[in-house]
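For reference, the structure is listed below as C-alpha cells.
The values are calculated or read from the model by the stated rules, or taken from the named source; none is laboratory data. The model shown is predicted, which means the values in this text are computed figures rather than measured ones. Cβ placement follows ideal geometry from the backbone for every residue including glycine, while neighbour counts extend to all protein chains displayed.
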Amino acid sequence: MSHTPAQSSAPGTTDAAELSGFVEVDTLAGRVRGRWRPTIRSEGDATGGRGAERSAAFLGIPFAEAPVGELRFAAPVPKAPWAGVLDALEFAPTAQRGDPGVTLIPEPSVPGESTLNVNVFTPSPEAPVEGEGLPVLVWIHGGGYFAGSPASAWYDGRNFNRDGVVTVTISYRLGFDGFGWISDAPGNRGVRDWLLALEWVQQNISAFGGDPSRVTIAGQSAGGGAVLTLLGMEAAQHLFHGVYAISGALADVTPARSETFGRALAASAGVEPTRAALSGVSEERILELQKQATELNGPDALNAIIEEGLPLGPTIDGELVLRPTLESIAAGVGASKPLVLGATDDEFTMAFAEAEKKLRWIPKSFMLKKLGMPKERLRPYLAANAEVVAKGTARIAGRFLSDRMFRAAILDVVGARGETPTWLYRFSWPSGRFGFAEHCLDVPFFFDCLDGPAMEPLAGPNPPQSLADEVHAAAVAFIEVGDPGWSTARGTSPVAKVWDTPSFEATGAYDSVLPLR
C-alpha cells in the first residue's frame, strides 16, 4: 500500500502534510484522505510526556456497502473499491437516528445511508518499513444494542495515539435492523457487522501504521458485552488478541425470545415477519414500534428485563453464537486472550437519584424485594453492603441493580476463565456531580479526555487528571504487552484494582456481590 511522500516523516516534524493538514493512505478498497491534529499532553501521561505530538484522523471510512434496499436485512457486504480519493474528514452516517437527547456520553447521530464505517486515529499513517507496526485498539460503542454512536469526541483516539496506540472505532446496525429476528433473514446482523469491521482492520490497519497481530478489542456497556461475546465466539478468534470489557452487558438472547419479539413487532407493523414484508416498513416506523415494545414502565418491567434479558442483542443462533457466552468461556473459548474487565461501583444508582427523598420513606427490604431480591439472600446482602445501606434506600436499590446487571456477572466471567490471564478492576471514584461512581463515568478516564465536551454533567467540576493518567496508562500497557500492571484475578474472592484517589489493589474487592451468587 502506498502513501504520500509527506507521510514518511516522523510524527511531530514539520512537513508539507502537517502544514496542509491533510494526509492520505491507500486501503484495499481505495485511497482515503484524513487530517492531522495535535495530541493532548498531560503531566504523568503514559509515555512520560515523550509521546507523539500529532494524530491523524480518518473519519467515516466505509467497510461495507450501505445496508439499505436489498441489503437492509442482509449480512454486511464488503465495500466495493472506489476511484480517486475518498475524503475521510467528517464522521459518516450513524445507525443511531434522530436526536438522542441528553445522554451520559455525548454520542451524536449523523444522518445518511452508509452507516457501516470505521474511524481510524493514528500517529504514524504509513506501513512500517521494518519490524512490527503499533498495537491497535478497536472500540465498540455501547447503547443497549439499540442506541449509541462512534461519532463521539470522547472516543477520539488522539491520546492513545500520543502513547503509541493506533485506535479504531466502529459502527454497526442497532436495534431491530441489527438484531431482530426475521424468518428468512440472517440473524445477528449487528454481530456480523462487528466481524466484518474487524476483518477490515486485519486487512488494512498496517497501512495506518498498526500491527494486525496486536489488536485489542474494547467497549463499554453494550460495547463491553459485545467484546465478551466476541471473546466467546469461535468464529472471531483470529480477529483480535486481547479484550478490555468496561461494564460489559451481555445479551445472549435466546432463540425463542428473539423470535417472539420479532413476530410481535412484525404483527404490530401489520406485516408478515419476512424480509420482503418488513423491507416495506419505513425505518421510522420500525424505530417507533421498537421503542414501544421495549419501554420500561416501573420496577416490574425493569425486573423482567433483568430476569429474561434484553430482547434485542447478540442471539444464541447456533451459527455464530453457539451457546451462552459464559458457557463458551468456561469451555475454553478465548482462553488464549488476556482479558481485563470491571465496572463502576454504582452503575445504575442514577435511576433512583431523583427520587432519593421519596424513597427514604420506603423500607429497604421492600424495595429490594420489588426489584427481585430473593428472600433468603436479603439479610446477607444487606450485611455485606452495610456502608451503602447507611446512605439510604435509593443508594442500596441502585447498588443492588448495579450488582444484578453488571457486577455479579463479572465474577461469573472471572470464575469461568479459571487460570487464564484475567485482570479485574472496580472504578470507585465518586463523581463530583452525583457523589457515586455511575454508569459511563470511567470512559473519559480510559480515553484520557477529561477536557472533552459534556464532562461536568457526568463527572462534576475538575475530575482528577491524575486518575485519568493511571487508568489510561494501564490500558496502554495492556494493549501493548497484554498486562495492565496489577495482580491477576482468580477464585471466588479475587484481587482487583480499585480506581480511586488514591488507587489500590484489594483482595475481595467484589465480596459485597457474593450474597447474590
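So the values come out like this:
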{"read-out": "Odd one out for Arg433 among (1) touching an Asp or Glu at 6+ places or on another chain (Cβ under 8 Å); (2) in a loop (DSSP other than H, G, I, E, B); (3) within 29 Å of Ser487 (Cα to Cα)", "value": "(3)"}
{"read-out": "Any hit, the range 297-304, residues being in contact (Cβ under 8 Å) with a residue 60 or more places away in the chain and not in a helix (DSSP H, G or I)", "value": "no"}
{"read-out": "Tally of residues being assigned to a loop (DSSP other than H, G, I, E, B) and either of a type in the set (D, E, K, R) or in contact with a Ser or Thr (Cβ under 8 Å, 6 or more places away or on another chain) (or both) across the range 113-134", "value": "10"}
{"read-out": "Answer residue from the range 204-220, given it is assigned to a helix (DSSP H, G or I) and in contact with a Ser or Thr (Cβ under 8 Å, 6 or more places away or on another chain) and is surrounded by the most Cβ atoms within 10 Å (Cβ to Cβ) among those", "value": "Phe208"}
{"read-out": "Any hit, the range 400-417, residues being of a type in the set (S, T, N, Q), within 26 Å of Ala383 (Cβ to Cβ), touching a residue at least 24 places away in the same chain (Cβ under 8 Å) and in contact with a His (Cβ under 9 Å, 6 or more places away or on another chain)", "value": "yes"}
{"read-out": "Failed item, numbered, when Ser258 is tested on (1) touching a Lys or Arg at 6+ places or on another chain (Cβ under 9 Å); (2) small (Gly, Ala, Ser); (3) outside the structural domain of Gly60 (by TED's automatic domain parsing)", "value": "(1)"}
{"read-out": "Within the range 221-275, considering residues that are acidic (Asp, Glu) and part of a helix (DSSP H, G or I), the one farthest from Lys337 (Cα to Cα)", "value": "Glu259"}
{"read-out": "Qualifying residue in the range 256-272 (condition: on the phi < 0 side of the Ramachandran plot, β-branched (Val, Ile, Thr) and surrounded by fewer than 15 Cβ atoms within 10 Å (Cβ to Cβ))", "value": "yes"}
{"read-out": "Filter result for the condition that a residue is surrounded by fewer than 18 Cβ atoms within 10 Å (Cβ to Cβ), under 25 Å from Pro430 (Cα atoms) and more than 26 Å from the chain's Cα centre (by Cα), over Ala394, Ala386, Ala408", "value": "Ala386"}
{"read-out": "Test: residue in the range 87-104 that is modelled with pLDDT under 95, of a type in the set (Val, Ile, Thr) and either surrounded by 13 or more Cβ atoms within 10 Å (Cβ to Cβ) or in a loop (DSSP other than H, G, I, E, B) (or both)", "value": "yes"}
{"read-out": "Yes/no for Leu28 being at pLDDT below 95, over 20 Å from Ala151 (Cβ atoms) and among the aliphatic types (A, V, I, L, M)", "value": "no"}
{"read-out": "Qualifying residue in the range 170-184 (condition: assigned to a strand (DSSP E or B) and assigned by TED's automatic domain parsing to the domain that holds Lys79)", "value": "yes"}
{"read-out": "Residue within the range 496-509 that is surrounded by fewer than 15 Cβ atoms within 10 Å (Cβ to Cβ), outside any loop (DSSP other than H, G, I, E, B) and polar (S, T, N, Q) present", "value": "yes"}
{"read-out": "Test result for Asp442, closer than 22 Å to Ala351 by Cα, outside the structural domain of Phe121 (by TED's automatic domain parsing) and in contact (Cβ under 8 Å) with a residue 40 or more places away in the chain", "value": "yes"}
{"read-out": "So Ala343, is it more than 16 Å from Ala236 (Cβ to Cβ) and in a strand (DSSP E or B)", "value": "yes"}
{"read-out": "Flag for Arg285 being touching a helix residue (DSSP H, G or I) at 6+ places or on another chain (Cβ under 9 Å), surrounded by fewer than 19 Cβ atoms within 10 Å (Cβ to Cβ), part of a helix (DSSP H, G or I) and in contact (Cβ under 8 Å) with a residue 12 or more places away in the chain", "value": "yes"}
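For (1) more than 30 Å from Phe434 (Cα to Cα); (2) touching a helix residue (DSSP H, G or I) at 6+ places or on another chain (Cβ under 7 Å); (3) surrounded by 18 or more Cβ atoms within 10 Å (Cβ to Cβ); (4) outside the structural domain of His238 (by TED's automatic domain parsing), each residue gets a yes or a no:
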| residue | (1), (2), (3), (4) |
| --- | --- |
| Ile305 | no, no, no, yes |
| Leu320 | yes, yes, yes, yes |
| Arg323 | yes, no, no, yes |
| Ser328 | yes, no, yes, yes |
| Gly342 | no, yes, yes, yes |
| Thr349 | no, yes, yes, yes |
| Lys364 | no, yes, yes, yes |
| Leu368 | no, yes, yes, yes |
